Structures are given as C-alpha cells and as structure tokens.
1. Which residues, taken from the range 98-117, are touching a helix residue (DSSP H, G or I) at 6+ places or on another chain (Cβ under 9 Å) and either not in a loop (DSSP other than H, G, I, E, B) or not small (Gly, Ala, Ser) (or both)?
2. Of all residues in the range 144-153, how many are over 14 Å from residue 269 (Cβ atoms) and crowded, with 19+ Cβ neighbours inside 10 Å?
3. Any idea which residue in the range 195-218 is surrounded by the fewest Cβ atoms within 10 Å (Cβ to Cβ), counting only those that are among the β-branched types (Val, Ile, Thr) and modelled with pLDDT under 95?
4. Looking only at the range 52-91, which residues are at pLDDT below 95, surrounded by 18 or more Cβ atoms within 10 Å (Cβ to Cβ) and over 27 Å from residue 261 (Cα atoms)?
5. Right, residue 10: within 15 Å of the chain's Cα centre (by Cα) and either closer than 20 Å to residue 217 by Cα or modelled with pLDDT of 95 or more (or both) or not?
6. For the range 71-86, what are the residues that are touching a Ser or Thr at 6+ places or on another chain (Cβ under 9 Å) and hydrophobic (A, V, I, L, M, F, W, C)?
7. Does residue 124 satisfy the criteria of being touching a His at 6+ places or on another chain (Cβ under 7 Å) and surrounded by 19 or more Cβ atoms within 10 Å (Cβ to Cβ)?
8. Collect the residues in the range 162-192 that are surrounded by fewer than 19 Cβ atoms within 10 Å (Cβ to Cβ) and part of a loop (DSSP other than H, G, I, E, B), keeping them in residue-number order.
Amino acid sequence: MSIQNSTKSLIATCSWKNIFVISTLLISMFPITVKASSLEKSNSQVNYKECIDVSHRPLSHFLDNQGTLNNPPLFFPGVKDYVGWTDNNPQTTFALVDYAGLANKYIKNQTGHSMGTKVSGFIIECALSDGRAQVTVNIIATKALGFAQSIDELVKNNFDFLNTPTIFGAKAQEVIAGKKPSVGPVLFSISFSIPTPGASLPDLIDVINLDSNNKYAPVKLNFKSTTFGKCANGMKARLEVHQIASTNDLNALIFTKEKVEITDSKGGKCSE
C-alpha cells in the first residue's frame with residue numbers, strides 16, 4: 001500500500017492496492033446561515049460563457065447515485081462507501097464526514113431513529129457546444145456524522161477501517177451500539193463533466209478517482225466541514241476539514257488545500 005501526496009481523497013474503491021488516495025467555503029463555530037442563492041453565485045464552477053444552455057437538476061440526481069460503486073461496501077460494511085479526506089505533509093489523520101447522508105440512512109435503518117442529518121442543495125448543468133455538459137453540485141448538510149482515525153493505526157491494521165479505533169467521534173456502527181455521535185455542518189461544491197446533458201450523474205468516488213481516460217474532467221471541488229464532539233479520551237474537541245482541488249492539463253487532481261485538523265478544548269490534538 002502506497003501513499004501518494006499528489007492526490008488526497010480517500011477513494012473507497014478496490015484501487016487501494018495501488019494508491020492510498022485519502023481523499024470547501026468558510027464554516028465557523030456558528031450554525032450555517034448561507035442561502036442557496038448566495039452559494040450558487042459564489043461556488044458555481046461553471047463558465048457561463050461556454051454554455052449553450054443552462055438548466056437546474058434536482059439534487060436527488062446526485063444523491064441517489066452515491067454509495068453505488070461498491071456492493072457490498074468495502075470499508076465500513078453496512079454503510080455505503082463514500083469519499084473521506086486526509087491532511088498532508090505528513091499525512092496523519094483520516095476523516096470521514098457524512099456529506100450525502102449515507103451514514104445517517106444506515107443508522108436510521110438499523111435503529112428506526114435519524115440523527116437529524118439534513119442534506120440540501122442544487123445542481124446546475126451547463127450544456128457545452130461539444131455535446132458534453134459541465135455539472136456543478138452544491139451541497140449544504142447539517143448534523144452530518146463525522147469521525148477521524150489515525151493513519152498510522154490504519155497502516156498497522158492493514159487498513160481495516162471498521163476495526164481501527166477512532167481518535168475523534170464515533171463510526172455509524174458505534175452510534176448504533178449506543179455511542180454518542182459527533183455531528184456538524186458541511187458545505188460542498190464540486191463540478192465535473194458528463195457525456196451529454198441529462199446523463200446520469202456518477203458516484204463521487206468515480207469522479208475523484210481519476211485516470212488518464214477520465215471522462216469527468218475537468219473537475220473542481222471545494223469541501224469544508226466542522227464536526228463537534230470528543231476525543232477518545234473524552235475531552236471536547238472539533239474536527240475541521242477543508243479541501244480544495246482541481247484537475248490540471250493531464251487530468252490529475254491537484255489539491256491546493258488539504259486540512260484535516262482536530263483541536264481539543266486545550267488547543268491540543270486528539271492524537272497527542
């Protein structure tokens with residue numbers, strides 16, 4: 001298992017044998033008050049000068065296809081696979097934040113009770129003259145489950161994500177068992193190409209997991225979340241994730257911001 005610093009999203013796919021790709025909008029300690037109209041203006045990655053037609057699509061066109069790549073799920077069985085994140089230089093912490101509501105759906109199916117996670121947003125589709133379309137997905141999630149694990153511990157456990165302890169928060173399986181969840185807001189904007197206007201939208205894992213024949217380039221993403229909870233030692237803390245990336249001329253996804261940081265109430269880190 002190798003770790004590549006050039007890309008950062010935790011790709012929950014079978015490509016783990018060759019890459020460890022662990023693999024964003026200001027969120028503060030206060031509740032999100034961003035209106036969809038302002039998010040549309042500030043986060044849309046579409047260059048309208050290149051559009052021959054602009055339309056809106058329901059967010060369900062994106063959400064319904066998340067977690068569909070791997071069946072059964074590979075990493076936290078029961079919860080469908082979705083993209084997580086790490087810090088960089090060095091990579092120390094892996095974070096998973098429920099931007100699409102998949103963890104909450106699993107918890108609700110198992111217990112009959114939702115954590116109150118809400119996922120809203122909108123999709124802009126820009127039809128291009130070459131027959132393709134550029135899609136921008138904007139997501140606002142509240143009370144999204146978040147947790148973090150030590151990359152060193154994941155390596156020692158041969159990337160057994162489910163059975164590697166968290167250093168912050170609780171996995172969905174632990175929440176079902178009675179552990180208190182750590183939750184918070186998410187703002188997420190990502191744009192990518194699709195073959196034709198109206199075409200089915202992909203699982204985000206496929207968009208992030210680029211190769212030389214990537215049909216989703218150009219890709220831009222901006223993800224930020226703040227999760228409030230506790231370290232494994234019980235101290236109050238927050239998990240902050242901030243990731244910004246875009247494809248270059250070779251369709252490689254280059255991250256210019258790679259923050260995954262846990263800060264406890266004394267200003268330290270959960271891993272210390």
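1. Correct list: 98, 99, 102, 103, 104, 106, 107, 110, 111, 113, 115, 117.
2. 4
3. Once the filter is applied, the top-ranked residue is 205.
4. The one that is at pLDDT below 95, surrounded by 18 or more Cβ atoms within 10 Å (Cβ to Cβ) and over 27 Å from residue 261 (Cα atoms): 69.
5. yes
6. So the first thing to find is which residues in the range 71-86 are touching a Ser or Thr at 6+ places or on another chain (Cβ under 9 Å), and the list is 74, 80-81, 83-86.
If the condition is that a residue be touching a Ser or Thr at 6+ places or on another chain (Cβ under 9 Å) and hydrophobic (A, V, I, L, M, F, W, C), then 74, 83, 85 are the ones that fit.
7. Against the criterion (touching a His at 6+ places or on another chain (Cβ under 7 Å) and surrounded by 19 or more Cβ atoms within 10 Å (Cβ to Cβ)), residue 124 qualifies.
8. Selection gives 162, 163, 165, 177, 178, 179, 180.
The values are calculated or read from the model by the stated rules, or taken from the named source; none is laboratory data. Worth saying up front: this structure is predicted, and the values here are computed from it rather than measured. When we count neighbours, we look across all protein chains shown, and the Cβ atoms used for this are built from the backbone with ideal geometry, even at glycine.
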